[in-house]
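Peer 1: My questions all concern the structure below.
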Amino acid sequence: MDYFRSKRFLDALPDWEAGRPAPGPPEHYLPRMRAVLARLGQPQEHCPSVIVGGTNGKGTVSSLLAALLQAAGHRVGLYTSPHLHTQRERIRIDGQVVNKDTWAAGVTVLDDATRRFEAEGWGPFTRFEALTGLAAHLFAAAGVDIAVYEVGLGGRYDATNAWDSDLAVLTAIGLDHTEVLGPTLTAIARDKVCIARPGRRLYTLIDQPPEAMAAIEANAQERGIELWRVGLGGASGPGGRAEALLVDPGQPPERPLTWAGNARLAVAAAGSLAGAALTPAAAAQAVSQHQWPGRLEVARREPLVLIDGAHNAPAAAVLADDLRRRGQDWTLVFGGSRGHDAAAVLHALAPCCQRVVLTSSEHARAVPPAELADQVPAGLTAAVVPSCRDAFEQAVAAAGPQGCVCITGSLYLVARAREHFDLPGERDGVTEDVARESLACLEEACRRLGASFAPVTADGNVVRVERGHRRAHFLRNKHPFNDYVAARLAEDKGYQHELFTQARVPTPRTLAVFNPLADARFDRYRTHASIAAAVAAVQSQLDFPVVVKKHQSSLAQGVFLERDAEGLSRRLQTVFESAGFLDNLVLVQQWVAGPEYRVVATRAELLLAYAKVSEAGAGAGDLNPLHQADGRAERVVDAALLERLRQLTAQVGPILDLALYAIDLIDTAAGFVVLELNPNPFCFFYNRSHGRDDFVAIYTRLLGEFLGASRGA
């Protein structure tokens with residue numbers, strides 16, 4: 001299966017995070033997970049493993065521990081949850097998120113291995129169980145030396161506890177998920193300490209709450225667990241044994257107040273596992289360079305905007321202390337999730353906040369902000385803003401350039417905030433903000449023209465614009481300015497290429513390949529008898545590398561770079577096996593190197609031109625520089641280059657009569673090469689670098705012409 005089908009496979013499974021809890025009693029969870037692992041060939045046995053549990057700080061400890069082990073020369077697998085932007089964040093090998101092809105291949109193995117799983121008798125496995133098994137499989141396939149697994153929820157019945165890990169770590173324990181784990185610290189600690197194994201080490205903080213520490217100590221003594229307490233001076237173990245830390249991380253002012261304890265846990269565990277292979281210098285470098293997104297992360301400096309995933313009372317209490325260190329009178333943007341005590345979080349943060357904006361992450365478990373209003377402490381000014389994007393903008397505006405904003409309440413809200421403020425991170429595709437940015441420009445254009453702008457669907461994606469007797473509908477970035485047939489032709493890259501070739505527009509050397517596996521009704525379109533024949537034709541006509549492009553790909557989804565015949569064969573096999581009934585054409589194009597530009601045009605007139613720039617270059621699985629973490633649009637101002645681009649636009653414009661479109665092209669030593677034409681251009685990536693004024697002006701002009709064309713206007 002391809003990557004997107006692999007996503008659908010996982011998303012269809014029972015999922016507690018999405019509000020579809022696991023079937024059956026908790027006693028079935030571990031036998032079910034073990035059955036999944038058995039179907040996969042027991043991949044968890046391939047290498048030693050570490051399991052990290054606790055209430056807060058698990059992600060920080062797990063990721064830093066993995067970095068320390070990697071600094072010691074080990075190949076390391078890291079499994080964490082939840083994710084922020086893509087589920088692939090949960091599985092990392094040597095610090096790198098697993099790429100889409102590797103992920104899809106792993107899910108295919110999982111799917112094949114678990115056919116007729118109901119015969120095991122434990123009910124259907126869950127998404128988290130599938131991801132845990134997938135992580136173990138991918139770690140084994142990659143040959144990692146050691147794997148670090150972060151517990152999802154609790155410990156006793158968590159999928160990561162289905163086998164015996166070689167070492168366990170318990171971070172700070174507090175009250176959270178009390179409806180599942182119990183109402184007291186004793187009950188929660190008893191559940192979480194079950195991740196440790198008799199005769200093996202368990203590292204935990206020396207300053208755990210007394211009630212939790214008592215439960216941990218009692219369980220360790222009863223089960224013969226080797227308990228090590230980690231604090232400022234190092235780690236103390238059974239029988240008065242002591243171990244010094246390779247390096248003490250200290251408490252840098254820019255780090256959260258929980259940093260020192262969590263980092264000491266990771267250093268102590270890494271020293272035990274790596275021994276002399278981890279030097280003090282390597283450990284110090286790994287500690288100083290470690291970053292974990294969404295933990296007191298700076299999103300903006302003026303005003304200061306901090307993003308933190310505090311979602312329970314203990315984490316909120318620490319966050320409140322962190323905020324006091326940095327400023328006063330914070331504006332809080334808060335969104336909670338079901339299963340967490342939102343009232344406790346708000347009460348902990350209230351003393352350092354001037355106002356709170358209640359919003360929603362739009363996740364399935366998000367609490368509607370109106371429900372949160374009753375939980376806001378007295379004396380704290382509160383506003384309800386359902387759209388988190390609007391909430392972020394309003395909070396920043398209210399704070400002013402010298403103010404302070406903190407966005408918190410759930411990691412789901414943190415993810416939306418990171419996307420809104422364009423912080424770097426791996427993504428599966430573009431966010432909703434990308435498509436809806438066009439509507440923001442359109443709304444301002446309507447205001448300038450005196451036209452009405454009204455959402456007409458529940459999701460707000462469709463708006464109706466009216467002025468006088470003229471009416472038009474817009475669907476996010478899709479607009480009515482273009483002729484219907486011309487726009488449909490432009491959306492099909494196969495037809496595009498044929499029209500460009502006839503008009504002698506320079507394009508990459510291209511070979512069209514129709515799916516040899518397609519239904520017999522499509523025989524008249526068939527170009528090659530088999531995938532092998534198509535690959536042979538490519539080899540005879542093009543040089544590698546080549547770009548494989550689905551005829552209706554969008555935003556780099558369905559666009560792939562292949563460097564040899566073997567990779568091309570695998571790619572075509574995957575694409576054609578996953579093709580829909582009416583989705584059978586692929587273009588194989590010569591890779592063209594050089595600076596990439598986009599021209600925004602109306603008919604034969606250039607409206608705007610900009611370069612697509614990224615120091616990182618094209619990313620794996622995404623060839624557009626603007627989609628990279630450092631991608632930016634640089635407006636073309638060079639007169640000679642602009643004149644060349646105008647001449648190209650004058651050549652392309654008459655091919656299809658389009659009132660608004662974009663041309664993507666490469667500038668080579670031999671001249672421009674047109675990659676493709678887009679009849680519904682996004683403005684998000686340009687606006688991110690330059691603001692909305694230019695695209696608002698474009699919409700104002702075209703909308704004015706369109707509305708003015710009415711017979712009754």
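Bear in mind these aren't lab numbers, they're just calculated from the coordinates by the rules spelled out. As the structure is a prediction and not an experimental result, all values here were calculated from the model. Reconstructed Cβ throughout: ideal geometry from the backbone, glycine too, with neighbour counts over all protein chains shown.
Peer 1: To the nearest 10 degrees, how steep is helix 29-39 against the longest Cα principal axis of the chain, on a 0 to 90 scale?
Peer 2: With both axes taken from Cα atoms, the answer is about 60 degrees.
Peer 1: Given 0.36 nm per residue, what is the gain on full extension from residue 478 to residue 564 after removing their alpha carbon distance, in nm?
Peer 2: So the chain would gain 27.3 nm between residue 478 and residue 564.
Peer 1: May I ask you to derive the FRET efficiency for residue 452 and residue 517 from their Cβ-Cβ distance with R0 = 56 Å, giving the value to the nearest 0.05?
Peer 2: E between residue 452 and residue 517, to the nearest 0.05, is 0.65.
Peer 1: Next up: Need the list of lysines near residue 58 for cross-linking: C-alpha distance under 23 angstrom, and skip anything on the same chain fewer than eight residues off.
Peer 2: Of all the lysines, those that pass the test against residue 58 - Cα under 23 Å, at least 8 places apart if same chain - are 192.
Peer 1: Still on this structure: May I ask for the distance between the Cα centers of the range 328-393 and the range 220-270, given as a whole number of Å?
Peer 2: Between the Cα centres of the range 328-393 and the range 220-270 lies a distance of 35 Å.
Peer 1: Let me ask something else about it. Points 7 angstrom from Cα along the Cβ direction at residue 12 and residue 530: gap in nanometres?
Peer 2: Taking the simple label geometry, residue 12 and residue 530 are separated by 3.1 nm.
Peer 1: For a quick check: with amide H placed at 1.01 Å from N, whose amide H comes under 5 Å from residue 146's, ignoring anything fewer than 5 positions away on the same chain?
Peer 2: Distant-sequence amide H within range of residue 146: 75, 77.
Peer 1: Roughly how tilted is helix 280-289, in degrees to the nearest 10 and between 0 and 90, from the longest Cα axis of the chain?
Peer 2: 50
Peer 1: Just order 361-369, 519-527, 32-40 by mean Cβ neighbour count inside 10 Å, highest at the front, would you?
Peer 2: Descending mean neighbour count gives 32-40, 361-369, 519-527.
Peer 1: Next question. How about residue 100: which lysines have a C-alpha closer than 18 Å to its C-alpha, ignoring those fewer than 8 places off in the same chain?
Peer 2: Once the sequence-local lysines are set aside, what remains near residue 100 is 7, 549, 550.
Peer 1: I'd like to know how the chain sits against the 2.2 N^0.38 Å rule of thumb: what's its Cα Rg over that expected value?
Peer 2: Compared with the compact-globule rule of thumb, the chain sits at 1.05.
Peer 1: Can you work out the FRET efficiency for the pair residue 578 and residue 365, with r the C-beta to C-beta distance and R0 = 25 Å, to the nearest 0.05?
Peer 2: 0.25
Peer 1: Could you run the Karplus curve 6.51 cos²θ - 1.76 cosθ + 1.60 with θ = phi - 60° over the range 334-343 and give me ³J(HN,Hα) per residue in whole Hz, x for Gly and Pro?
Peer 2: 10, x, x, 10, 4, x, 10, 8, 4, 4
Peer 1: Can you tell me the equivalent ellipsoid semi-axes for the range 297-420? Use √(5λ) from the Cα gyration tensor, largest first, whole Å.
Peer 2: One finds semi-axes of 18, 16, 14 Å for the range 297-420.
Peer 1: Same structure again: Could you list the residues of the range 291-310 with an amide nitrogen less than 15 Å from a label point located 7 Å from the Cα of residue 325 in the Cα-to-C-beta direction?
Peer 2: Correct set: 295-298, 306-308.
Peer 1: Give the relative contact order (percent, whole number) for the range 308-376; include only Cα pairs under 8 Å separated by 6+ residues.
Peer 2: 36
Peer 1: What is the gain in length, in nm to one decimal, between residue 504 and residue 436 on full extension, counting 0.36 nm per residue of separation less the C-alpha to C-alpha distance?
Peer 2: Length difference between fully extended and current span is 20.9 nm.
Peer 1: Once phi is turned into ³J(HN,Hα) by the Karplus curve 6.51 cos²θ - 1.76 cosθ + 1.60 with θ = phi - 60°, what whole-Hz value does each residue of the range 60-67 show in order, with x for glycine and proline?
Peer 2: For the range 60-67, the Karplus-derived couplings read 4, 5, 4, 5, 5, 4, 4, 5 Hz, x marking Gly and Pro.
Peer 1: Another question about this same structure. Just to confirm the number: angle between the C-alpha axis of helix 693-708 and the first principal axis of the chain, 0 to 90 degrees, nearest 10?
Peer 2: Between helix and principal axis, roughly 50 degrees.
Peer 1: Quick one: of the DSSP bridges fully inside the range 3-289, what percent are antiparallel, nearest 5?
Peer 2: 35
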